[in-house]
Amino acid sequence: MESRLQRLTRSTFVRNLVGLGGATLLNRLLGLLTLGYAARQLGPESYGLIGYGASVAAYASILLSPGLSTWGVREVARDREAAGRLLVIVNGTKLVLALLGMLAVVVFAWGWLPTERERWIVLLSCLVLLTQALSADWVLNGLELARVSAGFGILGTLASTVGLLALVHEPDDAYVVPLLAFGAGLISLLPAYPMLLKRLGLRIVWPTAMQVRQALLASMPLGLTSATVVVLHYANNLIIKGYLGDRELGVYLSAFRLFELAGTVPTILAGAFFPRLARSVAGTPDRAMREARLFARVHMVPAFLIAGMALVEAEGVIALLYGAEYAQAVPLLQVMSVAVLFNYAICGYTNCLISFGRDRVMLIVVVVSAIVSVGGGLWLVPKFGSLGAALVIACVDLAGWLVSLRAYREAVGTLQMATWIRPLAGAVCACGTSLLLQAVDVPFLVRVPLAVLVYAPFVWLEIRSALK
């Protein structure tokens, strides 16, 4: 009989998880290495302006009916033969909407923004709408080939990194950054089409008007959910820009970008688990419930370590990546460490709900989170500056997770709070080790790996327990 290890290595799911994880981690590592470089070269003010342009682009992406891609992943996972028709429906609709979105940005930029520099940076930032509309990554994800799309993403990130190092050297080079993002998107999406059409034999099928209409109606709850997520995710960027200006926004974003990068692991897990869960829900509901519990559980193992390190090592991280000019970001990152923990929790729980088709519950979750984000930002930023925005970030995912608990328990039968105990104990040990090493002046690049090693036995215990 095959051993458990042999069955795992032969599993398509495990290969997808490992391949996707490796490619995504490499992609994020490259992004992390260039993050500090761009911030240092541009300075807080120009870095903040780039972040403002990205926030406007994110709001414009709401017009792309963002739930279509998530809906498409679920439908491809359930019926692979429909992939060619779904590709036309999803990407055709999003391309038309992307052009409308860019037109809206042009009207906004030339009607409301006061300087030529702001107008052009915002407009160039919105070129990514085209790459978002044409991306076929969601089809590969539905076919459980997310590792392939992540590999294509590495090509784009490499090109962007080389361009950044070669072309960005001073604040006036801010225009180059959104162009590099657009170029990276093109490089990432173009190889997917030959692979889908030639190697995987995907047949393009022109849909009927009825099928397009049904797709738009079916994806509407997810579209509203995704649009609301964009609102809550970027609201405080715009609030800081309006109340405090570009420099304060740049300092805030230096911490917020690290919070976003901390979301790498949920991205990997969703890419690997979500199509499998969606297929299991349709075919074997009992198995889906077991896998949903595992999916939510594995989120919390890295969550406690990353949140703990963000709390106790914020000063070292900011100094290493950004330098003294961004020292004000240290308390912001420490506050956001709480957000990291509950971001992992809400990703683990709510992706399970989506795979079970609980789209309307998800809409309630993100509406509550959006109210906390926008209302909290408008209340706390004028009082406490960017620290108020960090406090809001810490509360948003906690609020959404609390709202999701009842629906999650109804779907999978348990909240699994007991599985948090072992990772919490490991994080306490790791953070304690880091603080002790700080007290005796052990360098940052030495003490962090040592703290991670202290956490490793707790990871092994959790993995062994989960495999039983």
task: Say whether the condition of being small (Gly, Ala, Ser), exposed (fewer than 15 other Cβ atoms within 10 Å of the Cβ) and free of Cβ contacts under 8 Å to residues at least 40 places away in the same chain is met by at least one residue in the range 170-192.
output: no
query: Which residues, taken from the range 195-220, are touching a residue at least 24 places away in the same chain (Cβ under 8 Å) and part of a helix (DSSP H, G or I)?
result: 195, 196, 211, 212, 215, 216, 218, 219, 220
- request: At least 1 residues that are at pLDDT 85 or above and under 26 Å from residue 433 (Cβ atoms) in each: list the helices (runs of 4 or more DSSP H) lying fully within the range 244-342 that qualify.
  value: 246-261, 285-312, 314-321
- request: Could you check residue 239 against (1) at positive phi; (2) in contact with a helix residue (DSSP H, G or I) (Cβ under 9 Å, 6 or more places away or on another chain) and say which number it fails?
  value: (1)
Selection within the range 434-446 - more than 28 Å from the chain's Cα centre (by Cα) and in contact (Cβ under 8 Å) with a residue 24 or more places away in the chain: 435, 438
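For every residue, the table says whether it meets (1) aliphatic (A, V, I, L, M); (2) more than 24 Å from residue 126 (Cβ to Cβ); (3) touching a Phe, Trp or Tyr at 6+ places or on another chain (Cβ under 7 Å).
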| residue | (1), (2), (3) |
| --- | --- |
| 63 | yes, no, no |
| 78 | no, yes, no |
| 82 | yes, yes, no |
| 85 | no, yes, no |
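Quick grid of which residues meet (1) in a helix (DSSP H, G or I); (2) at pLDDT 90 or above; (3) of a type in the set (A, V, I, L, M):
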residue	(1), (2), (3)
26	yes, no, yes
31	yes, no, no
45	yes, yes, no
51	yes, yes, no
68	yes, no, yes
85	yes, yes, no
93	yes, yes, no
Failed item, numbered, when residue 323 is tested on (1) at positive phi; (2) free of Cβ contacts under 8 Å to residues at least 40 places away in the same chain; (3) among the small types (Gly, Ala, Ser): (2)
field: Index of the failed condition, residue 163 passing every other in (1) outside the structural domain of residue 58 (by TED's automatic domain parsing); (2) under 27 Å from residue 138 (Cβ atoms); (3) at pLDDT 90 or above
entry: (1)
Unique match (being under 30 Å from residue 176 (Cβ atoms), aliphatic (A, V, I, L, M) and within 27 Å of the chain's Cα centre (by Cα)) among 122, 90, 76: 122
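For (1) under 30 Å from residue 346 (Cβ atoms); (2) of a type in the set (A, V, I, L, M); (3) touching a helix residue (DSSP H, G or I) at 6+ places or on another chain (Cβ under 8 Å), each residue gets a yes or a no:
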position: 137; (1), (2), (3): yes, no, yes
position: 166; (1), (2), (3): no, yes, no
position: 169; (1), (2), (3): no, no, yes
position: 188; (1), (2), (3): yes, no, yes
position: 195; (1), (2), (3): no, yes, yes
position: 211; (1), (2), (3): no, no, yes
position: 219; (1), (2), (3): yes, no, yes
position: 225; (1), (2), (3): yes, no, yes
position: 231; (1), (2), (3): yes, yes, yes
message: Where the second residue is acidic (Asp, Glu) and the first is buried (at least 23 other Cβ atoms within 10 Å of the Cβ) and lies in the range 229-240, which pairs have Cβ atoms under 8 Å and are six or more apart or on separate chains?
response: 240/248
message: out of contact with any helix residue (DSSP H, G or I) (no Cβ under 7 Å at 6 or more places or on another chain) and not β-branched (Val, Ile, Thr): which single residue out of 331, 285 fits that description?
response: 285
query: Do we find a residue being under 17 Å from residue 197 (Cα atoms), part of a helix (DSSP H, G or I) and touching a Phe, Trp or Tyr at 6+ places or on another chain (Cβ under 7 Å) anywhere in the range 105-124?
result: no
- prompt: Within the range 204-226, can you find the residues that are surrounded by fewer than 20 Cβ atoms within 10 Å (Cβ to Cβ) and either among the hydrophobic types (A, V, I, L, M, F, W, C) or at positive phi (or both)?
  reply: 204, 205, 206, 209, 210, 212, 216, 217, 218, 220
message: Take residue 425 and tell me if it is hydrophobic (A, V, I, L, M, F, W, C), at pLDDT 90 or above and in the same structural domain as residue 350 (by TED's automatic domain parsing).
response: yes
The lone exception for residue 395 - which of (1) surrounded by fewer than 16 Cβ atoms within 10 Å (Cβ to Cβ); (2) closer than 23 Å to residue 255 by Cβ it fails: (1)
- prompt: Being among the hydroxyl-bearing types (Ser, Thr, Tyr) and crowded, with 20+ Cβ neighbours inside 10 Å, is that true of even one residue in the range 134-142?
  reply: yes
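The values are calculated or read from the model by the stated rules, or taken from the named source; none is laboratory data. None of these values were measured; they are calculated from a predicted model. In this analysis, Cβ positions are derived from the backbone assuming ideal geometry, glycine residues included, and neighbour counts consider all displayed protein chains.
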